[in-house]
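J.: Structure below; questions to follow.
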Amino acid sequence: MTLELRQIAIIAGKEFRDRLRNRWVLAVALIFTAFALVIAYFGAAQQGSVGFSSIELTIASLVSLVIYLIPLISLVLGFDAIVGERERGSLELLLSMPLTRLELLLGKYLGLAAALTVSTVVGFGLAGAILTARLDANALFHYAGFMLSSVLLGMAFLSLALMISVLSADRTRASGLAIALWFFFVLVFDLLLLGALVATGGQYGGEIFPWLMLLNPTDVFRVLNVFSLDEVSTLYGLATVFPAGLAALWKLGMVMVIWIAAPLGVAAWRFKQ
Amino acid sequence: MSSAAIVHARQVVRRFGAVCAVDGVDLEVRRGELFGLIGHNGAGKSTLFKMMLGLLAPSAGEIRIDGVATIDTGFREVRRRIGYLPENVVLYDNLSGLETLRFFAALKGADKAECAPLLERVGLDAAGKRRVRDYSKGMRQRLGFAQALLGRPHLLFLDEPTNGLDPEAIREFYAILGELKAQGVTIILSSHILAEIQQRVDRLAVMANGRIQALGSVQALREQVDLPLWFEVRVAPADFEAVRAALGHLAVSAIEARDDHIAVQCRRESKMAVIEALAALDGKVLDLSVREPSLEDVFFVGRP
């Protein structure tokens, strides 16, 4: 089967324009900017000081925030993509066009991913620009890395959202699944890991623990960011459990790419049936 | 396989679990034909449509359009020349009429310059910049129809196309179909209202329970089922017996006295003999009307 890029671009263009027009992109970008600035100036309040302290601590706080926010935003953005068209009845007309199901799926994904990427880059970029006077080259590099990994995290959860959208029989179930997935990856997964580690007294978990963390894109995101920051990695104590060999940026980046590709692959396979 | 046919369906079956929605359909639609598919909701029309468009794969059998099987990858090219108006068309509320057409024109590879004239053709030129959200049911249907005409298709599938249209719009709609037919476009339309399409189609297929129960021109179907027709003969009550006597020797199947007329039922071949016998009654007949059999009576009420 041939893939016509033109058809993918038409679908992607419509999705992206829809999100621009209903001001979704603007709203999400503003949320990111606001949160980033608030965290930069007040993030150290727990340590008893207010005002910009260090970029490393700011990024560490932002990472914690993004782990909650971006999966949620991505799942909400994407869960409706296919099941919504099916439930409203517009899917039939779309598929009667000279358009394959794979092209439709990829177009939807890319259009939504573009909206999410623009929101993330503009939102955090704006905050970065406001802070730029206080950042040196090294800090800027870390901040750029944080933005890039945020985009990857969003794309991974968007991929999961499209998978849900293809697999679900109706929108209600799709939204339920999306919420369940968010709870699982953001709240439950780490608790289970920690619980297992504590229950076994750390006897067995030691070696497989970092590998298990790769099964959760939010953990991969955390490790990606935290590990590049010397000050913070010791703070989190992650270096003690995460082997340096696995922590190479490109390896973790590859894991994220798999997290983007695999759910989309499942969606494409199921959508063809 | 005759080259005059554009649609070939051979022994097409479609099952949904235990339900057999389409059950062994054989059908050929000729190039340039205005073809009607008639049947109750649930008769299998929409399922057959979806299979002809390649939206559903047949469970058994095969459909070819322009010689290409609907499940072939090459069917994409055929689709560029097909227009489709789904039953209860759903469009995007957040787009305007013109944007809707531009979006589908892009997908179909049609010239965007077609969009504005098409809106005008379906009477939506004044509403082209308004969002579809604010359109009435009839306007959405018109927009859906304009969408089906993008890319100058040579084959049109219209599923219950006049749903939600007022009588004036229905007339305009069939006028456009007439123009398209004159240009050589093949049109397949479905309806559950036989009366609406029977005067307008070249041939029709009657579907029930997933099968084609009858196929042909309206005239041929009438003759095929050979339904009796009814005369309503208005005479003074005093002359009722005279009418009975005059028709007594003819092959009429029923003579019933009603309030102010006599109802006479006979077969088509006796029609002229009955009229002559009544004319011979020399002024006793005050009025006469003939009720032709309705195909609806045959296919939808019960078999004769």
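The values are calculated or read from the model by the stated rules, or taken from the named source; none is laboratory data. This structure is a prediction, so every number in the text was calculated from the model and none was measured. Please note: Cβ atoms are built from the backbone with ideal geometry, for glycine as well, and neighbour counts cover all protein chains shown. Accessible surface areas use protein heavy atoms only, side chains included; no ligands, DNA or RNA. Shrake-Rupley method; radii C 1.70, N 1.55, O 1.52, S 1.80 Å.
J.: Once phi is turned into θ = phi - 60°, what whole-Hz ³J(HN,Hα) does the Karplus curve with 6.51, -1.76 and 1.60 give for every residue of segment B:197-206, x standing for Gly and Pro?
T.: 9, 5, 7, 10, 8, 6, 9, 9, 10, 9
J.: Assigning unit charges at the beta carbon (Lys, Arg +1; Asp, Glu -1) and nothing else, what dipole magnitude in debye, to the nearest 20, does the protein assembly as shown show about its Cα centre?
T.: Numbers: 56 positive and 55 negative charges, 195 e Å.
The calculated dipole for the protein assembly as shown is roughly 940 debye.
J.: How much mean residue ellipticity at 222 nm does chain B get from its helices, if each DSSP H run of length 4 or more adds -39500 (n - 2.57) and you divide by all residues, to the nearest 500 deg cm²/dmol?
T.: Per the formula, -8000 deg cm²/dmol.
J.: Report, largest value first, the span of the C-alpha coordinates of chain B along each principal axis, in whole Å.
T.: Here the spans come out as 74, 46, 36 Å, largest first.
J.: Which percent of the accessible area of segment A:5-272 is formed by carbon and sulfur heavy atoms (probe 1.4 angstrom)?
T.: Working: 8380 of 11860 Å².
Carbon with sulfur: 71 percent of the solvent-accessible area.
J.: On to the next question. What number, in percent, do you get for the relative contact order of chain A if the mean sequence gap of Cα pairs under 8 Å and at least 6 apart is divided by its residue count?
T.: Numbers: 313 pairs, mean separation 73.3, N = 273.
That works out to 27 percent.
J.: Bin width 10 Å, origin at 0, all Cα-Cα pairs of the protein assembly as shown: what percent of pairs per bin?
T.: 3, 14, 19, 17, 14, 12, 9, 5, 3, 2, 2, 0
J.: How many square angstrom of accessible surface are buried between A and B, both sides summed, with a 1.4 Å probe and rounding to 100? All intermediate terms of the calculation are to be shown ahead of the outcome.
T.: Details: alone 13530 and 14790 Å², together 26060 Å².
That pair hides around 2300 Å² of surface in total.
J.: Angle between the Cα long axis of helix A:24-42 and the longest principal axis of chain A, 0 to 90 degrees, nearest 10?
T.: 0 degrees
J.: Using the Karplus curve 6.51 cos²θ - 1.76 cosθ + 1.60 with θ = phi - 60°, what ³J(HN,Hα) values do you get for each residue of segment B:153-161, in whole Hz, with x for Gly and Pro?
T.: x, 9, 9, 10, 10, 10, 9, 6, x
J.: Accessible area of A:Val188, 1.4 Å probe, to the nearest 10 Å²?
T.: A:Val188 has an accessible surface of roughly 60 Å² with all protein chains in place.
J.: If I fit a long axis through the Cα atoms of helix A:5-21 and take the longest principal axis of the Cα atoms of chain A, what angle between them do I get, 0 to 90°, rounded to 10?
T.: Around 60 degrees separate the two axes.
J.: Give the Rg/Rh ratio for segment A:5-272, taking Rg as the radius of gyration of the Cα atoms and Rh as the Kirkwood radius, to two decimals. Let's see the in-between values first.
T.: Numbers: Rg = 19.6 Å, Rh = 19.6 Å.
My calculation of the ratio gives 1.00.
J.: I need the P(r) histogram for segment B:1-148: all alpha carbon pairs, bin width 10 Å from 0 out to the longest distance, whole percents.
T.: 11, 34, 31, 22, 4
J.: May I pose another question? Please sort by residue number the GluC sites (Glu not before Pro) in segment B:150-202 whose DSSP state is loop and whose Cβ has at most 15 other Cβ atoms within 10 Å. Could the numbers behind the result be given before it?
T.: Values: sites: B:Glu168, B:Glu172, B:Glu179, B:Glu196; in loops: none.
Hits after loop and neighbour filter: nothing returned.
J.: Next question, about the same structure. Could you tell me which trypsin sites (Lys or Arg not before Pro) in segment B:252-281 are loop residues by DSSP with no more than 14 other beta carbons within 10 angstrom of their beta carbon? List each step's numbers first, then the result.
T.: Values: sites: B:Arg258, B:Arg267, B:Arg268, B:Lys271; in loops: B:Arg258, B:Arg267.
The qualifying sites are B:Arg258, B:Arg267.
J.: Using amide H atoms built 1.01 Å from N in the peptide plane, name the residues 5+ places from B:Leu34, or on other chains, whose amide H lies under 5 Å from its own.
T.: Amide H neighbours of B:Leu34, under 5 Å, 5+ apart: B:Ile187, B:Asp202, B:Arg203.
J.: Let me spell out the model: positive unit charges on the Cβ of Lys and Arg, negative unit charges on the Cβ of Asp and Glu, origin at the Cα centre of chain B. What dipole size does that give, in debye rounded to 20?
T.: Working: 39 positive and 39 negative charges, 289 e Å.
Result for chain B is approximately 1380 debye, rounded to the nearest 20.
J.: Taking all protein chains in place and a 1.4 Å probe, what share, in percent, of the accessible surface of segment B:28-160 do carbon and sulfur account for?
T.: Details: 2290 of 4910 Å².
Carbon plus sulfur share of accessible area: 47 percent.
J.: Using the Karplus equation 6.51 cos²θ - 1.76 cosθ + 1.60 (θ = phi - 60°), what ³J(HN,Hα) coupling, rounded to whole Hz, does each residue of segment B:59-67 give in order, writing x for Gly and Pro?
T.: Each residue of segment B:59-67 in turn: 6, 8, x, 8, 10, 10, 10, 6, x Hz.
J.: Which one of B:Pro228, B:Phe49, B:Ser190 is farthest out on the positive end of the charge dipole of the protein assembly as shown, using unit charges on Cβ (Lys, Arg +1; Asp, Glu -1) and the Cα centre as origin?
T.: B:Phe49
J.: Name the residues whose placed amide hydrogens come within less than 5 Å of the amide hydrogen of B:Ala208, ignoring near sequence neighbours (fewer than 5 apart) on the same chain.
T.: Long-range HN contacts for B:Ala208: B:Gln213.
J.: Sticking with this one: How much net charge surrounds A:Glu103 when only the other residues with a Cβ under 11 Å from the Cβ of A:Glu103 are counted, with Lys and Arg +1 and Asp and Glu -1? Kindly include the intermediate steps, with their values, before the conclusion.
T.: Values: positive: A:Arg6, A:Arg101, A:Lys108, B:Arg76; negative: A:Glu4.
Cβ neighbours under 11 Å give a net charge of +3.
J.: Here is a further query. Could you work out how far helix A:189-199 tilts from the main Cα principal axis of chain A, as a 0 to 90 degree angle to the nearest 10?
T.: It is inclined by approximately 50 degrees.
J.: In addition: Run the numbers on segment B:84-106: which residues show a drop of 50 Å² or more in accessible area, chain on its own versus all protein chains together, using a 1.4 Å probe over heavy atoms?
T.: Residues of segment B:84-106 that lose at least 50 Å² of accessible area once the other chains are added: B:Val90, B:Tyr92, B:Phe103.
J.: Convex hull volume of the Cα atoms in segment B:63-158, per residue, in Å³?
T.: On the way: hull volume 9.1 nm³, N = 96.
Dividing the Cα hull volume of segment B:63-158 by its residue count gives 95 Å³.
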